[in-house]
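A quick write-up on the structure given underneath.
The values are calculated or read from the model by the stated rules, or taken from the named source; none is laboratory data. Just so it is clear, the structure is predicted and the values come from calculations on it, not from any experiment. Ideal geometry is used to build each Cβ from the backbone, glycine not excepted, and the neighbour counts take in all protein chains shown.
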Amino acid sequence: MAHPLNMAIAFQLLNDIRNGQLRSCLAMGFSEDNLKDLMEPRCMSILVNAAVPWFNVVVDNLVVQRLLIQAKGADEDQLIMKAIEVGASSVLIYQLFGLSPKEVALRRALLNMPNRKGRWPALSQDQERQLWDLWVTYSKETPMDFRDDRALLSIAIRLTEEMPTINLTMVWNMIKSWIEQDLV
(Lines give C-alpha, C1' and ligand atoms only; values in the text may rest on other atoms or scores of the structure.)
Protein backbone atom coordinates (compact mmCIF):
# COMPACT_ATOMS: atom_id res chain seq x y z
CA MET A 1 0.00 0.00 0.00
CA ALA A 2 1.34 3.42 -0.95
CA HIS A 3 2.29 5.86 1.79
CA PRO A 4 -0.28 8.74 1.72
CA LEU A 5 2.28 11.50 2.02
CA ASN A 6 4.21 10.13 -0.95
CA MET A 7 1.27 11.09 -3.15
CA ALA A 8 1.17 14.61 -1.73
CA ILE A 9 4.88 15.18 -2.31
CA ALA A 10 4.71 13.63 -5.79
CA PHE A 11 1.74 15.82 -6.68
CA GLN A 12 3.61 18.94 -5.55
CA LEU A 13 6.68 17.80 -7.44
CA LEU A 14 4.71 17.24 -10.66
CA ASN A 15 2.96 20.57 -10.27
CA ASP A 16 6.28 22.37 -9.83
CA ILE A 17 7.82 20.59 -12.83
CA ARG A 18 4.81 21.42 -15.06
CA ASN A 19 4.97 25.08 -14.02
CA GLY A 20 8.70 25.29 -14.61
CA GLN A 21 9.49 25.81 -10.95
CA LEU A 22 12.53 23.57 -10.95
CA ARG A 23 14.25 25.60 -8.21
CA SER A 24 11.40 24.66 -5.90
CA CYS A 25 12.02 21.00 -6.69
CA LEU A 26 15.72 21.45 -6.01
CA ALA A 27 14.89 23.21 -2.74
CA MET A 28 12.82 20.15 -1.70
CA GLY A 29 16.02 18.10 -1.98
CA PHE A 30 15.79 16.56 -5.44
CA SER A 31 18.89 16.57 -7.60
CA GLU A 32 18.88 17.57 -11.26
CA ASP A 33 19.40 13.93 -12.20
CA ASN A 34 16.35 12.97 -10.07
CA LEU A 35 14.24 15.54 -11.91
CA LYS A 36 15.30 14.17 -15.31
CA ASP A 37 14.37 10.65 -14.22
CA LEU A 38 11.08 11.75 -12.67
CA MET A 39 9.91 13.17 -15.99
CA GLU A 40 9.31 9.53 -16.96
CA PRO A 41 5.90 8.32 -15.75
CA ARG A 42 7.29 4.90 -14.75
CA CYS A 43 9.79 6.46 -12.34
CA MET A 44 7.21 8.78 -10.84
CA SER A 45 4.85 5.83 -10.41
CA ILE A 46 7.49 3.96 -8.41
CA LEU A 47 7.81 6.94 -6.03
CA VAL A 48 4.05 7.43 -5.68
CA ASN A 49 3.37 3.75 -5.00
CA ALA A 50 6.24 3.15 -2.59
CA ALA A 51 5.07 1.66 0.71
CA VAL A 52 7.61 3.64 2.73
CA PRO A 53 8.05 7.41 2.81
CA TRP A 54 10.99 8.59 0.72
CA PHE A 55 11.25 12.02 2.28
CA ASN A 56 11.66 13.71 5.66
CA VAL A 57 9.11 16.20 6.88
CA VAL A 58 10.71 19.13 8.64
CA VAL A 59 8.63 21.73 10.42
CA ASP A 60 9.92 25.28 10.03
CA ASN A 61 9.13 26.49 13.54
CA LEU A 62 9.88 30.11 12.70
CA VAL A 63 7.32 30.13 9.87
CA VAL A 64 4.77 28.29 12.01
CA GLN A 65 5.28 30.79 14.83
CA ARG A 66 4.86 33.74 12.46
CA LEU A 67 1.67 32.27 11.01
CA LEU A 68 0.22 31.65 14.46
CA ILE A 69 1.08 35.18 15.57
CA GLN A 70 -0.58 36.48 12.42
CA ALA A 71 -3.72 34.43 13.16
CA LYS A 72 -3.84 35.66 16.74
CA GLY A 73 -3.32 39.22 15.51
CA ALA A 74 -6.26 38.89 13.15
CA ASP A 75 -8.44 37.58 15.99
CA GLU A 76 -7.30 40.43 18.22
CA ASP A 77 -7.97 42.97 15.50
CA GLN A 78 -11.52 41.64 15.10
CA LEU A 79 -12.02 41.84 18.86
CA ILE A 80 -10.77 45.45 18.91
CA MET A 81 -13.07 46.46 16.05
CA LYS A 82 -16.04 44.76 17.70
CA ALA A 83 -15.26 46.49 21.02
CA ILE A 84 -15.09 49.88 19.31
CA GLU A 85 -18.29 49.14 17.42
CA VAL A 86 -20.23 48.53 20.64
CA GLY A 87 -18.88 51.62 22.38
CA ALA A 88 -15.46 50.99 23.90
CA SER A 89 -13.72 54.18 24.99
CA SER A 90 -10.23 55.08 23.83
CA VAL A 91 -9.01 54.61 27.39
CA LEU A 92 -10.45 51.09 27.55
CA ILE A 93 -8.88 50.11 24.23
CA TYR A 94 -5.56 51.55 25.40
CA GLN A 95 -5.72 49.59 28.67
CA LEU A 96 -6.57 46.30 27.00
CA PHE A 97 -4.66 46.49 23.73
CA GLY A 98 -2.22 49.39 24.01
CA LEU A 99 -3.64 51.32 21.04
CA SER A 100 -3.25 55.07 21.10
CA PRO A 101 -6.29 57.37 21.03
CA LYS A 102 -5.31 58.38 17.46
CA GLU A 103 -5.41 54.73 16.37
CA VAL A 104 -8.81 54.28 18.05
CA ALA A 105 -10.10 57.43 16.34
CA LEU A 106 -8.90 56.08 12.98
CA ARG A 107 -10.67 52.78 13.58
CA ARG A 108 -13.84 54.64 14.57
CA ALA A 109 -13.63 56.58 11.32
CA LEU A 110 -13.30 53.28 9.41
CA LEU A 111 -16.48 52.11 11.13
CA ASN A 112 -18.21 55.44 10.38
CA MET A 113 -18.65 56.05 14.09
CA PRO A 114 -18.49 59.53 15.56
CA ASN A 115 -15.85 60.35 18.17
CA ARG A 116 -17.37 61.02 21.54
CA LYS A 117 -16.00 63.44 24.11
CA GLY A 118 -16.72 63.57 27.79
CA ARG A 119 -17.81 61.03 30.35
CA TRP A 120 -20.33 58.32 29.72
CA PRO A 121 -23.53 58.64 31.74
CA ALA A 122 -23.99 56.35 34.73
CA LEU A 123 -26.37 53.42 34.47
CA SER A 124 -29.84 53.82 35.91
CA GLN A 125 -30.87 51.40 38.65
CA ASP A 126 -33.13 49.63 36.20
CA GLN A 127 -30.30 49.24 33.67
CA GLU A 128 -27.94 48.05 36.39
CA ARG A 129 -30.41 45.39 37.57
CA GLN A 130 -31.02 44.21 34.01
CA LEU A 131 -27.26 44.07 33.41
CA TRP A 132 -26.75 42.14 36.67
CA ASP A 133 -29.37 39.57 35.66
CA LEU A 134 -27.68 39.08 32.28
CA TRP A 135 -24.28 38.87 33.99
CA VAL A 136 -25.49 36.12 36.33
CA THR A 137 -26.89 34.16 33.38
CA TYR A 138 -23.73 34.49 31.25
CA SER A 139 -21.31 33.84 34.10
CA LYS A 140 -23.11 30.55 34.84
CA GLU A 141 -22.89 29.55 31.17
CA THR A 142 -19.25 30.57 30.79
CA PRO A 143 -16.97 30.06 33.77
CA MET A 144 -14.13 32.57 33.67
CA ASP A 145 -11.11 33.93 35.43
CA PHE A 146 -11.94 37.46 36.56
CA ARG A 147 -8.27 38.40 36.20
CA ASP A 148 -8.41 37.64 32.47
CA ASP A 149 -9.43 40.95 30.92
CA ARG A 150 -9.83 39.43 27.44
CA ALA A 151 -12.38 36.89 28.72
CA LEU A 152 -14.19 39.64 30.59
CA LEU A 153 -14.20 41.75 27.44
CA SER A 154 -15.88 38.98 25.46
CA ILE A 155 -18.61 38.70 28.09
CA ALA A 156 -18.96 42.49 28.28
CA ILE A 157 -19.41 42.67 24.51
CA ARG A 158 -22.14 40.01 24.67
CA LEU A 159 -23.89 41.91 27.47
CA THR A 160 -23.66 45.17 25.52
CA GLU A 161 -25.22 43.51 22.49
CA GLU A 162 -28.09 42.33 24.70
CA MET A 163 -28.64 45.87 26.01
CA PRO A 164 -28.23 48.20 23.02
CA THR A 165 -29.19 51.30 25.05
CA ILE A 166 -25.84 51.18 26.87
CA ASN A 167 -22.32 50.89 25.56
CA LEU A 168 -19.33 48.69 26.24
CA THR A 169 -17.52 51.22 28.41
CA MET A 170 -20.52 51.49 30.73
CA VAL A 171 -20.81 47.69 30.95
CA TRP A 172 -17.06 47.29 31.48
CA ASN A 173 -16.99 49.84 34.28
CA MET A 174 -19.93 48.15 36.00
CA ILE A 175 -18.37 44.68 35.77
CA LYS A 176 -15.07 46.00 37.13
CA SER A 177 -16.98 47.68 39.96
CA TRP A 178 -18.71 44.40 40.84
CA ILE A 179 -15.36 42.59 40.84
CA GLU A 180 -13.76 45.24 43.07
CA GLN A 181 -16.70 45.01 45.49
CA ASP A 182 -16.38 41.19 45.54
CA LEU A 183 -19.95 40.78 44.28
CA VAL A 184 -19.05 38.22 41.64
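For the reader, a short list of remarks on this structure follows.
- Scan of the range 135-184 for residues that are closer than 20 Å to Phe97 by Cα, of a type in the set (D, E, K, R) and assigned to a helix (DSSP H, G or I), ordered by number: Asp149, Arg150, Arg158, Lys176
- Applying the criterion of at least 2 residues that are more than 34 Å from the chain's Cα centre (by Cα) and touching a residue at least 12 places away in the same chain (Cβ under 8 Å) to the helices (runs of 4 or more DSSP H) found wholly in the range 28-99 leaves 32-38, 41-48.
- Exactly one residue out of Thr160, Thr137, Thr142, Thr165 is free of Cβ contacts under 8 Å to residues at least 12 places away in the same chain and of a type in the set (Ser, Thr, Tyr): that is Thr137.
- Every residue from the range 51-68 that is out of contact with any Leu (no Cβ under 8 Å at 6 or more places or on another chain) and either in the same structural domain as Gln12 (by TED's automatic domain parsing) or surrounded by fewer than 10 Cβ atoms within 10 Å (Cβ to Cβ) (or both): Ala51, Val52, Asn56, Val58, Val59, Asp60, Asn61, Leu62, Val63
Listed here are the residues, each with its yes/no results for (1) outside the structural domain of Leu183 (by TED's automatic domain parsing); (2) over 21 Å from Glu180 (Cβ atoms); (3) in contact with a Leu (Cβ under 8 Å, 6 or more places away or on another chain).
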position	(1), (2), (3)
Leu92	no, no, yes
Ser100	no, yes, no
Val104	no, yes, no
Gln127	no, no, no
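- Test: Leu106 is surrounded by fewer than 16 Cβ atoms within 10 Å (Cβ to Cβ), under 22 Å from the mean Cα position of the chain (by Cα) and under 30 Å from Pro4 (Cα atoms): no
- The residues in the range 57-86 that are farther than 30 Å from Leu159 by Cα and modelled with pLDDT of 85 or more can be counted, and the count is 5.
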